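**Student:** Once you've had a glance at the structure underneath, I'll fire off some questions.
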Amino acid sequence: MKITEIQQELIDEFSYFEDWQQKYEYLIDIGKSVPEMDESLKTDDRLIKGCQSKVWLNPEFKDGNLIFQADSDGILTKGIVGLLIRVFSGQKVEDIVNADTSFIEKIGLHEFLSPNRANGLLAMIKQIKYYAIVFESKSRV
């Protein structure tokens with residue numbers, strides 16, 4: 001499935017909820033569905049800087065696609081990174097680099113997050129795109 005299709009799917013899913021309490025609970029459910037990350041991967045070089053909670057992101061380049069594993073010590077933060085993994089994991093690096101992230105505004109996530117969590121969300125997106133740029137440049141060599 002393309003990034004834009006997954007983003008539209010999320011927009012549609014979040015539109016079913018009437019208030020932020022329900023969206024909050026859904027984000028927590030997304031976090032609970034994120035597979036556990038092996039403890040050996042929870043290293044400082046995989047920590048995303050700028051997040052209020054600890055968030056680890058592990059990229060793997062496989063068959064032209066970038067596969068992400070993620071974890072967090074915060075339940076809501078794990079839901080947010082789980083949302084991003086759903087959108088970007090398994091995608092081609094050039095699609096990740098060029099992806100529009102306006103779906104975040106369309107589901108209303110920015111309105112809901114505290115300034116610290118909003119900064120953490122931006123740091124997660126930045127790191128995902130950074131990894132895509134790195135793997136894209138490596139694949140050209």
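The values are calculated or read from the model by the stated rules, or taken from the named source; none is laboratory data. Keep in mind that this is a model prediction, so the values were computed, not measured. We place every Cβ from the backbone using ideal geometry, glycine too, and count neighbours over all the protein chains shown.
**Student:** Return a yes/no flag: does the stretch 82-89 have any residue that is modelled with pLDDT under 95 and under 18 Å from residue 130 (Cα atoms).
**Tutor:** No, because not a single residue in the stretch 82-89 is modelled with pLDDT under 95 and under 18 Å from residue 130 (Cα atoms).
**Student:** Would you point out the residue of the stretch 117-135, among those that are small (Gly, Ala, Ser) and touching a residue at least 12 places away in the same chain (Cβ under 8 Å), that is farthest from residue 54 (Cα to Cα)?
**Tutor:** 132
**Student:** Return yes when residue 81 is assigned to a helix (DSSP H, G or I), under 19 Å from residue 3 (Cβ atoms), of a type in the set (Val, Ile, Thr) and in contact with a strand residue (DSSP E or B) (Cβ under 9 Å, 6 or more places away or on another chain) and no when it is not.
**Tutor:** Taking the combined requirement at face value, the residue satisfies it.
**Student:** Evaluate the stretch 63-75: report whether one residue or more is assigned to a loop (DSSP other than H, G, I, E, B), β-branched (Val, Ile, Thr), without any contact (Cβ under 8 Å) to a residue 60 or more places away in the chain and touching an Asp or Glu at 6+ places or on another chain (Cβ under 8 Å).
**Tutor:** Taking every residue of the stretch 63-75 in turn, none turns out to be assigned to a loop (DSSP other than H, G, I, E, B), β-branched (Val, Ile, Thr), without any contact (Cβ under 8 Å) to a residue 60 or more places away in the chain and touching an Asp or Glu at 6+ places or on another chain (Cβ under 8 Å).
**Student:** Hey, can you tell me all the residues within the stretch 103-121 that are assigned to a helix (DSSP H, G or I) and among the hydrophobic types (A, V, I, L, M, F, W, C)?
**Tutor:** Selection gives 103, 104, 109, 112, 118, 121.
**Student:** Which residues, counting only those in the stretch 10-62, are closer than 24 Å to residue 129 by Cα, assigned to a loop (DSSP other than H, G, I, E, B) and either free of Cβ contacts under 8 Å to residues at least 12 places away in the same chain or not polar (S, T, N, Q) (or both)?
**Tutor:** 34, 35, 36, 37, 38, 42, 48, 49, 50, 51, 54
**Student:** From the list 91, 127, which residue is closer than 16 Å to residue 1 by Cα, in contact with a strand residue (DSSP E or B) (Cβ under 7 Å, 6 or more places away or on another chain) and crowded, with 17+ Cβ neighbours inside 10 Å?
**Tutor:** Checking each option against the conditions leaves just 91.
**Student:** Residues in the stretch 49-75 that are among the hydrophobic types (A, V, I, L, M, F, W, C), modelled with pLDDT under 95 and surrounded by 17 or more Cβ atoms within 10 Å (Cβ to Cβ): how many?
**Tutor:** 1
**Student:** Which condition breaks for residue 129 when tested against (1) among the charged types (D, E, K, R); (2) more than 20 Å from residue 12 (Cα to Cα); (3) outside any helix (DSSP H, G or I)?
**Tutor:** That leaves (3) as the condition not met.
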